[in-house]
Structure formats: structure tokens, C-alpha cells
1. If we scan region 81-95, do we find a residue that is of a type in the set (Val, Ile, Thr), part of a helix (DSSP H, G or I), at negative phi and in contact with a Phe, Trp or Tyr (Cβ under 8 Å, 6 or more places away or on another chain)?
2. Of a type in the set (Gly, Ala, Ser) and buried (at least 22 other Cβ atoms within 10 Å of the Cβ): does that describe Ser177?
3. Select from region 126-184 the residues that are among the hydroxyl-bearing types (Ser, Thr, Tyr), more than 25 Å from Tyr77 (Cα to Cα) and assigned to a helix (DSSP H, G or I) and list them in ascending order.
4. Given the criterion surrounded by fewer than 20 Cβ atoms within 10 Å (Cβ to Cβ) and either of a type in the set (Gly, Ala, Ser) or under 17 Å from the mean Cα position of the chain (by Cα) (or both), identify the matching residue among Glu71, Glu98.
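Values quoted throughout were computed directly from the atomic coordinates according to the rules given, and no laboratory measurement underlies them. Since the structure is predicted, the reported quantities are computational estimates derived from the model, not experimental observations. Cβ placement follows ideal geometry from the backbone for every residue including glycine, while neighbour counts extend to all protein chains displayed.
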Amino acid sequence: MNIGRTTNRIPVQTLRPKTSNAVSKNSFGDALKKYAAKDTFSASSVSNTSVSVGSLSVADTQAKLDKIFDEIKNTDYSGMSKTEIRADIEGKYANAFEDFYATFAIQICTDYIMIHDHFFSSLYDITGRNWTFDDINEARGYSGMNYDEIESAIREKYSDKTSFIDQLNFFGELFSSGILDNKFGWDMTTNLVSNLNLSLECGGDIAIDKNEWLSRIEQTGASSPFSLLLNNPYLLKYKEMFQSMVNDILFGVTDNAEDK
């Protein structure tokens with residue numbers, strides 16, 4: 001099963017959360033294109049020099065995805081609820097990829113696009129596309145909890161994890177669980193997510209593998225993905241808003257951001 005980047009992106013979620021006041025008919029992918037098209041939302045002027053690391057990460061990612069496909073194909077899901085099915089499928093991907101949850105919000109390299117598309121294709125083939133945030137959170141063990149309680153549970157999960165990838169996983173879980181949408185509204189959340197993606201491209205070449213992308217990130221010296229967003233010279237007019245949002249969702253893991 002070879003699923004690479006597609007032109008029609010699969011949305012992270014298809015229905016609005018029941019308790020959010022924000023309303024939108026656009027998918028995350030549509031909104032991402034909308035914001036990326038604006039002149040002021042350009043990628044950061046980080047060095048565009050390609051770093052050759054001799055990576056086989058895409059081939060390794062594809063091999064893992066093929067293995068997951070076989071595991072799903074050989075799993076009997078009869079008699080299971082759709083949330084139980086999702087819990088099993090998410091577990092398979094999370095066990096294979098340490099940065100799996102980052103891919104719900106961050107799609108800035110070939111590997112992450114492959115994982116994102118493969119996961120939703122596998123899930124939707126079995127359960128269909130009608131998912132709410134309540135359904136997603138039930139599948140993750142947060143049934144009956146309100147957004148504040150879910151946020152606390154996710155924060156506790158990542159309380160001792162502060163690496164660059166850990167922060168992306170943390171952000172991806174907050175986003176895909178509806179926490180950010182409920183806290184900031186759909187438009188502001190999409191604005192934050194789309195511009196974080198743009199700031200993390202570090203050269204604007206999305207068709208690179210994960211290892212090369214991480215090498216470019218390492219060259220920036222940033223220990224937090226959010227410092228790249230807050231230091232993006234193209235986003236100075238939005239910096240105060242993004243700083244406020246970042247302060248609200250993080251717990252002391254971002255670098256000190258200074259105007260350049």
C-alpha cells in the first residue's frame with residue numbers, strides 16, 4: 001500500500017466539536033492553503049542550503065506503513081465500536097512512529113505527509129469519515145472528560161518530555177483533540193497551525209525526507225519549534241498574538257524569542 005502525497009488533503013477532522021462556538025465549513029487543508037497564499041505568511045528566511053545526510057527515512061517510513069497495512073488487514077474488527085477500532089489503529093501507528101501525533105498538525109516533510117495520509121486512509125476505509133472531537137477523545141481514553149480535563153491529561157502525558165519532537169507531538173495531540181479549537185476558535189487555531197508549518201519548512205522544500213528536514217532544523221539552533229514561529233521575520237505583525245497563544249498552550253519549553 002503505497003500512499004504518498006496527494007493533491008486532495010485528507011482533513012484532520014470532518015465535523016466541528018459539539019462544544020465549540022467557532023463555525024467553519026473549511027477543512028484544515030483548505031484553511032492552510034488560504035493562509036499560505038497571503039503575502040505576509042511566507043516561509044521564514046532560514047538558510048535554504050540542502051544538507052545531504054544520506055537518509056533512507058522515506059524508504060524506512062514506507063516499510064513501516066506497509067507492515068501496519070498488513071497488521072490492519074489481518075485484524076478482526078467485527079464487533080468493535082468505531083472508537084475501539086480507532087484506538088487500535090492509532091496504537092499501531094504510534095508504536096511504529098515516535099513522532100506519529102505530530103503528523104496530525106505538522107506536515108512539512110515527505111515522511112509526515114505519507115504517515116498522515118496512510119493513517120486516515122486506513123481508518124476511513126474501515127470506519128468512514130464521520131468523526132467528531134468527542135469520538136476522537138473517547139478513542140484516546142478521554143471519554144466523559146471536558147476539554148480542560150483532557151488538556152490536563154495531555155499535559156501530564158508530556159510533562160517530562162521536552163525535546164523538539166516531543167513538543168510537536170504535544171501540539172499535534174492538543175490540535176487533533178480539539179483543545180486548541182475550543183480554546184482559541186477555528187480561525188485563530190488554523191492561523192497558528194498553518195504559520196507554524198510555514199516557519200518549520202526551513203527552506204520551503206516540502207519534498208524532503210524527515211532526516212534532512214531535522215538536519216535543517218538543527219542548523220537553526222532552535223530547541224523549540226515555536227521559537228521559529230515567534231522569530232519569523234515575516235510574522236512580526238502577528239507576533240504578539242502568537243506569543244499569547246504559545247504562552248497559553250506551553251509549559252516553559254519554548255526558547256526565548258527575540259525580534260530579529
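1. Yes, region 81-95 contains at least one residue that is of a type in the set (Val, Ile, Thr), part of a helix (DSSP H, G or I), at negative phi and in contact with a Phe, Trp or Tyr (Cβ under 8 Å, 6 or more places away or on another chain).
2. Values: of a type in the set (Gly, Ala, Ser): yes; buried (at least 22 other Cβ atoms within 10 Å of the Cβ): yes.
Yes.
3. Tyr147, Ser152
4. Glu98
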